[in-house]
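Notes for the one structure printed next.
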Amino acid sequence: MKLASLKDRRDGRLVVVSRDLTRCADAGAVAPTLQAALDNWAAAAAGLTEIADALEAGSIAHMPFDPAKCASPLPRAFQWLDGSAYVNHVALVRQARGAEMPASFWTDPLMYQGGSDIFLGPRDSIPVADEAWGIDLEAEVVVVLGDVPMGATREEAAAAIKLIMLVNDVTLRNLTGPELAKGFGFVQSKPASAFTPVAVTPDELGHAFDGAKVNLPLLSFVNGKPFGRPVTGNDMTFDFPTLIMHATKTRGLVAGTIMGAGTVSNRDPDGGPGKPIEEGGLGYSCIAEQRTVETIRTGKPVTPFLKFGDTVRIEMHDAQGRSIFGAIEQDVVRYRHG
């Protein structure tokens, strides 16, 4: 089942989307919004599945599906937690600046709580006031959860995964250093994120989702040029149930919580840093990692961060080459107040 939120007031209007992403049907008879469906998922899922089956059979009223009319599947969420499950990414960044990585990073997940009151739609521009802030994409896989109790077991954590999406978790790299130096986390360096047009139930991924990891290439493009295609199941030190258990150590999570696994990062088969696509590698899911690898290899970064007018595309295909979630397609624009 594939679900989307058409732009309508703050929380969107829930629709069920066909598997080929060409048609959608109104889901208001079951739930007006995705959050409302998640709040009563056991009942809502059955009704939404009926709509999905009728849509595939062509036996229900429908309309063309246009990602440009979509908000994020959750235009705002009660909580957005992002882990750093690909420790290779953290290790490379620290290596580039000559900092030793604590051994605990391999056993205890890094995680922060991001802003979730405003998310961008999949075709919305990325507004930034100053190019000098170091505008970067971050391509990630995320899951949307039902209610999870405090101290969740692995089985409870896995069962809480209701939907899967992709995200462009934009980062302003030149603001992260000063913020982290304060010892209190991200605020200014993490503007609004954008999610794929649709969120899908785990069964839509078939064998590519084993209940803990998605195992497919994550495709990123900058200005139409392939930038990254790392495999999301590789080098994932902490899977989704582990991340969920980490977050629920001292508190429960409410339905509608979005949990990210962080920037997808693969090492080369020889164990070295990943190579750019143009060198036959799998590329990267953020510019910062490419700049880090350049620093390790040549002593200085070469690839610039995003500029005004640049475009970013993030997508994932199934084994037959079909888009699973639809694509995030954004251009970077100068923000002018008022």
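The values are calculated or read from the model by the stated rules, or taken from the named source; none is laboratory data. Note that the structure is predicted; figures quoted are calculated from it, not measured. Here the Cβ positions follow ideal geometry from the backbone for every residue, glycine too, while neighbour counts run over all protein chains shown. What goes into the accessible areas is simple: the full protein's heavy atoms, side chains included, and nothing from ligands, DNA or RNA. Shrake-Rupley method; radii C 1.70, N 1.55, O 1.52, S 1.80 Å.
Things to note:
- Accessible area, probe 1.4 Å, largest first, for residues K2, K182: K182, K2
- Local net charge near D270, Cβ-Cβ under 15 Å (Lys/Arg +1, Asp/Glu -1): 0
- Selected from D203, D270, D147 as most flexible by GNM, with the chain as the system and alpha-carbon contacts under 10 Å: D270
- Charge dipole (debye, nearest 20) of region 27-149; +1 at Cβ of Lys and Arg, -1 at Cβ of Asp and Glu: 60
- Fluctuation leader among S18, S189, S59 - the chain, Gaussian network, Cα springs under 10 angstrom: S59
- Taking θ as phi - 60° and the Karplus parameters 6.51, -1.76 and 1.60, the scalar couplings of region 40-49 work out to 9, 4, 4, 7, 5, 4, 5, x, 5, 5 Hz in sequence order, x denoting glycine and proline.
- In region 1-142, taking the dipole from charged Cβ atoms about the Cα centre, the farthest positive-side position among A57, A77, T107 is held by A57.
- The mean sequence distance of close C-alpha pairs (under 8 Å, at least 6 residues apart), as a share of the length of the chain, puts its relative contact order at 22 percent.
- For region 192-338, alpha-carbon Rg relative to the globular expectation (2.2 N^0.38 Å, N residues): 1.16
- Beta bridges per DSSP with both ends in the chain, % antiparallel, nearest 5: 90
- Which of G183, G151, L137, positive extreme of dipole for the chain (C-beta unit charges): G183
- Packing, taken as the mean count of other beta carbons within 10 Å per residue, orders the peptides 310-317, 125-132, 160-167 from highest to lowest as 160-167, 310-317, 125-132.
- Per-selection Kirkwood Rh - region 229-292 (Cα, Å, 1 d.p.): 13.6
- Shown here for region 57-151: trypsin sites (Lys or Arg not before Pro) in loop regions (DSSP other than H, G, I, E, B) with at most 13 other Cβ atoms within 10 Å, namely R97.
- Gyration tensor verdict on region 1-126 (Cα atoms; rounded if a/c is under 1.5, prolate if a/b is larger than b/c, oblate otherwise): prolate
- Crossing angle, helix 87-96 versus the chain [Cα axis fit, 0-90 degrees, rounded to tens]: 30
- Relative to the Cα centre, the charge distribution of region 163-228, modelled as +1 at Lys and Arg Cβ and -1 at Asp and Glu Cβ, gives a dipole magnitude of about 360 debye.
- Inter-part distance, region 293-324 to region 205-227, computed on C-alpha centroids, equals 13 Å.
- Cα gyration tensor, region 72-134 - rounded (a/c under 1.5), prolate or oblate: oblate
- Student exercise, region 262-315 dipole from Lys, Arg, Asp, Glu Cβ charges, in Debye to nearest 20: 200
- Prolate/oblate/rounded call for region 94-205, Cα gyration tensor, a/c under 1.5 rounded: oblate
- Surface composition of region 130-208: carbon plus sulfur atoms hold 58% of the accessible area, using a 1.4 angstrom probe and ignoring ligands, DNA and RNA.
- Relative to one another, the C-alpha centroids of region 110-158 and region 1-25 are positioned 20 Å apart.
- Pairs over the 26 Å Cα-Cα cut-off, from the set K213/K275; K182/K213; K2/K213; K190/K307: K182/K213.
- A helix-only calculation puts the chain at -6000 deg cm²/dmol for mean residue ellipticity at 222 nm, using -39500 (n - 2.57) for each DSSP H run of at least four residues, averaged over all residues.
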